1. Looking at Arg215, Arg221, Arg200, Arg177, which is the one that is at pLDDT 80 or above and in contact with a helix residue (DSSP H, G or I) (Cβ under 7 Å, 6 or more places away or on another chain)?
2. Of Ala339, Ala314, Ala333, Ala281, which residue is in a helix (DSSP H, G or I), at negative phi, within 14 Å of the chain's Cα centre (by Cα) and at pLDDT 85 or above?
3. For the stretch 75-101, enumerate the residues that are surrounded by 20 or more Cβ atoms within 10 Å (Cβ to Cβ), modelled with pLDDT of 70 or more and under 20 Å from the mean Cα position of the chain (by Cα).
4. In the stretch 103-122, what residues are buried (at least 21 other Cβ atoms within 10 Å of the Cβ) and at pLDDT 70 or above?
Amino acid sequence: MIETSLNVRSRTTDFAHQLWTKEKVWLFTASLLLALFALSPTLGFTTVSFALQNLLNVAPFLALSVGIAAYAGATGADGLIARAFTGSPAVMILIAAAAGGLSPFCSCGVIPLIAALLVMGVPLSAVMAFWLASPVMDPSMFLLTTGTLGFEFAVAKTITALCLGVFGGFVVHMVTRAGGLTDPLSEGVGNGGCGGAKVRTEQPVVWKFWSDDARVAKFWREGIKTTLFLAKWLTLAFILESLMLAWLPADLVARTLGGTGIAPIGIATLVGVPAYLNGYAALPLVGGLMEQGMAPGAGMAFLVAGGVSSLPAAIAVWALVKRQVFFLYLGLALTGSFASGLLFQLWTTF
């Protein structure tokens, strides 16, 4: 009897652990809403209304971005990235930066692919170009950025992604030519796991995937998976934005991150890495901050810095590469983010 009770308790604990691991964002969101309704029903209703309205506003962009991501996965078009890493160093850097701007990888998701590329012997300069550009922008992110922050901001962020990749790639190329950054991977790092399979084994692209049942199934599977992923982060983001608008004094934001000086951009760059939630979740939060007085350049710097190197990604990179490569990666990310914010601020001023 005691053994049966212990088994039931063990299974219950395992189920609770798995539920929390897989659905912790939804559970946190639900807990936050329950707490709001318990403490202030009026604020709870206002928050839910705000989140639902913004989800409806962004729904067309969400649907289009999900369709693009699912189509890329079903056709195998995401594997085209393997072809970016051939040719002369300058050509590789330029193509790798462009491929990074089109690839749907976040700062954490790109790391297994980076490991695979480095193990294969791809030059660090080309890898760095892809590494820096990929988390900043992709077609889905472009559409959602347009829907939340406007077309001009989306175009500027796309240009930033490409320039950041090219800048980082050529800096690494010059350091490498001088004899530095040899053997960049840490001891014991593997070949990138399943994330590197698309690079190691080039697969044909089937653009008319609907004639293949397996690819159709993958399309729907990827579509549902991406929809749930975006929905949970956007829901949390809009809830946090609503609370931010309700509780964060607008004059404090305007004083700290407003204006045209370099201080707000520098602060946003440094805060972007630890405060970043997720590329999709950060968009409405930055939109809310900009409505309260955040400088456009500071918003750009925050999004780029957090996108390239969020705290979880930085921890993973620390374990992946040697220390000099890590600090160079972090320095390039912060320098490029600050420069992008400064240039965007100057652009919006004139």
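1. Arg215
2. On the way: Ala339 fails: within 14 Å of the chain's Cα centre (by Cα); Ala314 fails: at pLDDT 85 or above; Ala281 fails: at pLDDT 85 or above.
Answer to the selection: Ala333.
3. Answer for the stretch 75-101, where residues must be surrounded by 20 or more Cβ atoms within 10 Å (Cβ to Cβ), modelled with pLDDT of 70 or more and under 20 Å from the mean Cα position of the chain (by Cα): Ala96, Ala97, Ala99, Gly100, Gly101.
4. Ser103, Ile114, Leu117, Leu118 - these are the residues of the stretch 103-122 that are buried (at least 21 other Cβ atoms within 10 Å of the Cβ) and at pLDDT 70 or above.
The values are calculated or read from the model by the stated rules, or taken from the named source; none is laboratory data. Since we're looking at a predicted model, the values are computed, not measured. Virtual Cβ from ideal backbone geometry, glycine too; neighbours counted across all protein chains shown.
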